[in-house]
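The values are calculated or read from the model by the stated rules, or taken from the named source; none is laboratory data. Fair warning: this is a prediction, and the values are worked out from it, not measured in the lab. Positions of Cβ are generated from backbone atoms using ideal geometry, with glycine treated the same way; all protein chains shown enter the neighbour counts.
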Amino acid sequence: MNAISKLSIGQVNSMVLLRLLIGWHFLYEGVIKVYSTTWTAKGYLLSASFFQPFFQWLASESILPAVDVLNIFILLVVGASLLIGFRTKWACLAGIGLLLLYYLAHPAFPWLPQGPSEGSYWLVNKNLIEAAALLVLALFPTEKRFGIERMFKTKK
C-alpha cells in the first residue's frame, strides 16, 4: 500500500492541484524566457548577495550561455513533467535544486541586501516555499492518480 492510497480523495486532489499549479508556473517561466530575445540570468547572478564568487562564476561570459540554456531547459522539463504527471519525483527534485539555487543567490536573510525579489521577507521567500511544496509532492506519487504515468501502473 502506498502513501497516496491512505489519503482521502480531497487530500489527493489538493496535491494534484498543487502539482498542476507549480507545473504551470515552471512551464510558464521557461516559455517566457524562450520567447524573450533579451533574457539572460546574468543580472540576477551578478546581483547575488550570498555565495557571490560562485554566482559571479556562473555569470562569466564563458559559461553564461550554458547556464541560460540549462535554466530554461530545467524550467520547461520540470513544468511539463508536473503538468502531464510523468516522472514527477525526478521533476520535483530538479525543481527543488533550481529553486534552492535561486534562493541561495538572494536569500531572505535580514542582514543581506534584498536583490531582485518580490517583497521583503525574513528567512522565507517564495522560492523556499515552492521548494518545500515540491518536496511534499516528491513524497506522494500523485501521477498515479492523475497523470500519464497512470497508464503504466501495474495492478498488484
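A few comments on the model shown:
- Flag if PHE109 is at pLDDT 85 or above and among the aromatic types (Phe, Trp, Tyr): no
- Members of the stretch 35-57 found to be aromatic (Phe, Trp, Tyr), at pLDDT 95 or above and surrounded by 12 or more Cβ atoms within 10 Å (Cβ to Cβ), listed by number: TRP39, PHE54, PHE55, TRP57
- Residue count for the stretch 6-39, restricted to those that are in contact (Cβ under 8 Å) with a residue 12 or more places away in the chain, farther than 30 Å from LEU139 by Cα and outside any helix (DSSP H, G or I): 1.
- Top-ranked residue in the stretch 58-88 [being over 16 Å from the mean Cα position of the chain (by Cα) and closer than 29 Å to ALA138 by Cβ; ranked as surrounded by the most Cβ atoms within 10 Å (Cβ to Cβ)]: LEU58
- In the set (1) modelled with pLDDT of 80 or more; (2) more than 19 Å from ARG19 (Cα to Cα), LEU100 fails one condition alone, (2).
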